[in-house]
Amino acid sequence: MVNLAVIGAGIGGCSAAYFARKYLPRSKVTVYETEDRVGGRVFTKSEGEMRKELGAVFFNPSNRTICSFVEEMELEVVKRNREPTGFAVWNGTEIIFKSSQSMFYEMLRLIARYKLGLLKLRLIIKEAKGKIRTLYSKEGERPMELWELFEGTNLDMWYKKPFDQCLLEMGIGRKLIDEIITPVMRIIYSQNANLGGFAGLSSLIGVYGGSTYSLKDGNITLPRKLLKDSGAKVELESKVESIEKTPEGSFRVLVGEKASVFDAVIIATPLEGAGLQLDGVSTSQLRPREYQSVFINVMKGIIDPDFFNLKPNKLLPTILTSPGADPITHISVQKSKSNQPWVTVTSKEPLDTDFLGDIVKNGRSILNHSWSTAYPIFRPIERLPPICIDKGLMYLNSIESAAASLESSAFAALNATLMLRNDLS
Ligand SMILES: Cc1cc2nc3c(=O)[nH]c(=O)nc-3n(C[C@H](O)[C@H](O)[C@H](O)COP(=O)(O)OP(=O)(O)OC[C@H]3O[C@@H](n4cnc5c(N)ncnc54)[C@H](O)[C@@H]3O)c2cc1C
């Protein structure tokens, strides 16, 4: 019998509990969670007929671990980009690019503007998808550290360099990078420059590599279901303050005044925001990362075209931004059959009510959320930090040095559980 503690009930922790049931069948699992809810950076909020994902929004068919959960649990999915909706790019003063609603016309126009860049981009994505498939099969053959998996499939070249440098070296023009790729990356990572290459690549596959999906009943259904099926004991409102390795090689987990001892621990939260101390183990390979804050304001109302120097009815439902529009990174409109639309303004810094009022005419705030540690500010790195910190102590969110997504946390959870099984056998 293995007595296992999982710290954090986000998608990573819930996946780890689920995999422990599958691959460590003689284990007893306790999941500790600071908040009074499961999900972490998966956070679905509903109001009437409208639903909003305040955290992770979509996944794609290349996300093998997430897709296998969806299949095993028979969860219903919705395709997100069903209709071409069009987008504009705003530089803080004016709209610098506007897509057309017609896909055919749009393709012709983009090919004329960016020459062969778009075709090259498709080839890069195709090749990268092939390497990622190899990475999954290597993990299946033998679980190993992430850096070994990445180096074994030549994917490490992506996290070692900035994304734009990787693309330039592969023949993508500066114009396409600056006018389209950077604004798209700003929606996803709120980052302007020196974005780590693998973070860029994984998002490029997500947004440009085919359809994307969400769960019909809200993304929150996935971590909830994983946890339920794991049969783990869940301790909500239980912040783990320290994990200490004992002389016998087990781990003393402290929550408030209460200490419990476990044979193994999986840490499933970034240490940077966890307020969690590690004692008796070496953490020299875990360099602290800088995290990005993200602020989300959802309002009922209509975008004011004057704010963007446009005529009425000339705005498109998705507004991407270039660095001149900081701190706003993205504005999107969600239509409703019976109600006023919802306008979501996403920014890197809090926005004051007057400023939001300038963007959304007669807007009424309905939801807002701030993520203090949304995802790392991704920088190129030489080698990924380890998942296995010590025998019996795994750290899933090491993977966030390369990418932070539903898939990366679930993938790291599978890898960590399989490494733990080897460690303990
Ligand atoms: C605004 C936003 C949009 C995003 N969009 C997407 C997207 O469209 N697609 C995608 O794939 N990914 C997206 N992501 C990234 C994705 O949400 C995360 O990478 C993923 O959910 C991380 O899961 P996790 O379980 O590793 O960490 P988390 O979800 O952060 O879970 C960690 C949990 O641990 C808990 N915890 C922290 N410290 C302690 C402690 N000391 N003791 C006990 N519990 C603790 C936390 O409360 C939290 O619940 C987005 C993220 C954000 C913020």
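The values are calculated or read from the model by the stated rules, or taken from the named source; none is laboratory data. From a predicted model like this one, the values you see are computed outputs, not experimental measurements. Every residue, glycine among them, receives a Cβ derived from its backbone with ideal geometry; neighbour counts consider all protein chains shown. In case anyone asks, the SASA skips ligands and DNA or RNA and just uses the protein heavy atoms, side chains included. Shrake-Rupley method; radii C 1.70, N 1.55, O 1.52, S 1.80 Å.
Rounded to the nearest 500, the 222 nm mean residue ellipticity of the chain from helices alone is -9500 deg cm²/dmol, with -39,500 (n - 2.57) taken per DSSP H run of at least 4 residues. Taking only the Cα atoms of segment 115-210, the ratio Rg/Rh comes out at 0.99, with Rh defined as the Kirkwood radius. Debye-formula intensities of the chain, expressed as log10 I(q)/I(0) at q = 0.06, 0.07 Å⁻¹, are -0.26, -0.35 (one equal scatterer per alpha-carbon, no solvent). Tell me the angle of helix 117-141 to the major Cα principal axis of the chain, expressed in degrees between 0 and 90 and rounded to the nearest ten. The angle comes out near 10 degrees.
Averaged over its residues, the chain has an accessible area of 46 Å² per residue, based on protein heavy atoms and a 1.4 Å probe.
Residues considered: Ser250, Ser401, Ser190. Largest GNM mean-square fluctuation over the chain, using C-alpha springs under 10 Å, is found at Ser250.
Shown for the chain: the carbon plus sulfur share of the solvent-accessible area, taken with all protein chains present and a 1.4 angstrom probe, equals 50%. Among residues other than Pro25 with Cβ under 14 Å from its Cβ, the summed charge is +4 (Lys and Arg +1, Asp and Glu -1).
Take the Kirkwood radius over Cα pairs of segment 154-230, plug it into Stokes-Einstein at 20 °C and 1.002 mPa s, and you get 150 µm²/s for translational diffusion.
Compared with the dominant Cα axis of the chain, that is its longest principal axis, helix 11-23 is turned about 40°. For helix 221-230, report the angle its Cα long axis makes with the longest principal axis of the Cα atoms of the chain; keep it between 0 and 90° and round to the nearest 10°. It works out to around 10 degrees.
Here the simple spin-label model places points 7 Å from the Cα toward Cβ, and for Tyr23 and Val281 these points are separated by 1.7 nm. With both bridge residues required to lie in the chain, what share of the DSSP beta bridges run antiparallel, to the nearest 5%? In the chain, approximately 70 percent of DSSP beta bridges are antiparallel ones.
Annotation: lysines with alpha-carbon distance below 29 angstrom to Lys175 (same-chain offsets under eight excluded): Lys98, Lys115, Lys120, Lys126, Lys129, Lys131, Lys160, Lys161, Lys311, Lys314, Lys348. Distance from the C-alpha centroid of segment 228-280 to that of segment 385-408: 16 Å, rounded to the whole angstrom. Quick one: check the C-alpha center-to-center distance for segment 154-177 versus segment 20-84, whole angstrom. Taking the Cα centre of each part, segment 154-177 and segment 20-84 sit 30 Å apart.
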